[in-house]
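This report concerns only the one structure given below.
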Amino acid sequence: MSLQIYSKKRNFENTPEPSDKAVKSKSKLSFVIQRHKSSHLHYDFRLEMDGVLKSWAVPKGPSLNPKDKRLAMMVEDHPFSYKDFEGIIPEGNYGAGIVELWDHGYLSDIDNSEKSAAEKKLKTGLNKGILKFRLFGKKLNGEFALVKIKYKQKNAWLLIKHNDEYAVNENYNSEEHTSAKSPINKLLLKEQASILQE
Ligand code: MN
């Protein structure tokens, strides 16, 4: 049901993205953050619930500084298998551009309950518009919240790091935590070079 919008937006004969076969992870819930260079560079923040990935597009990327409130626009659910997707979405397709993994790992509720209890609490938070969760990733760890806000656009949330042992005081720019080998960075360098030549 919830993947209808995802499937409607895509033609799986033309994009390498996974189709909507629902699968679930076994003992723990998963999260993934993908860096996506389409018409704009943004980060896609995805949390597993009910066998799909609840998804938000975060234009400025996540932050580990609790003072930052990063706008996160909720988008359509993505299939669970999307958590491993990296690659090029060809021109003419929805979201055409480059997708690369930025961070991934496990997701839980704040109390780190076992999977089914955690999932229940996360879904309650999601429905209330105050979703508190804990990440166990390579770059992002500890407590976070997604808070739904009233904004000119619907589906606007704020992504906020809670103050815990993983929080930082200094400025946090997710762009400074990308891989040197990143295909997106290579493309951005090329674009900069061509602008300088003009
Ligand atoms: Mn995206």
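Just so you know, all these numbers are worked out from the coordinates, no wet-lab data involved. These numbers come from a predicted model, not from an experiment. When we count neighbours, we look across all protein chains shown, and the Cβ atoms used for this are built from the backbone with ideal geometry, even at glycine.
Once the Cβ-Cβ distance of residue 127 and residue 195 is raised to the sixth power relative to R0 = 35 Å, the FRET efficiency obtained is 0.20.
Take 77, 103, 84 and order them by how many other Cβ atoms sit within 10 Å, fewest up front. Mind showing how you got there, number by number?
Values: 77 23, 103 20, 84 11.
Ascending Cβ contact count within 10 Å gives the list 84, 103, 77.
Only counting other Cβ atoms within 10 Å, I'd like 23, 75 sorted with the fewest neighbours first.
Working: 23 12, 75 18.
In increasing order of surrounding Cβ atoms, one gets 23, 75.
Compare 126, 135, 64 in a GNM of the chain, Cα atoms joined below 10 Å, and give the one with the largest fluctuation. Judging by the Gaussian network model, the answer is 126. Looking at the chain, the pairs of alpha carbons with a distance over 28 Å make up 26% of the total. Every helix of 4 or more DSSP H residues in the chain counts as -39500 (n - 2.57), and over all residues that averages to -5000 deg cm²/dmol at 222 nm. Look at 76, 165 and count the other Cβ atoms within 10 Å of each Cβ; fewest to most, that gives 165, 76. Modelled spin-label separation between residue 151 and residue 8, with each label point placed 7 Å from Cα along the Cα-to-Cβ direction: 2.2 nm. Between residue 102 and 33, 34, 35, the built amide H atoms are under 5 Å apart, and every one of these is 5 or more places off in sequence or on another chain. Computed packing ranks the peptides 171-181, 152-162 as 152-162, 171-181, most packed first, by mean other Cβ atoms within 10 Å.
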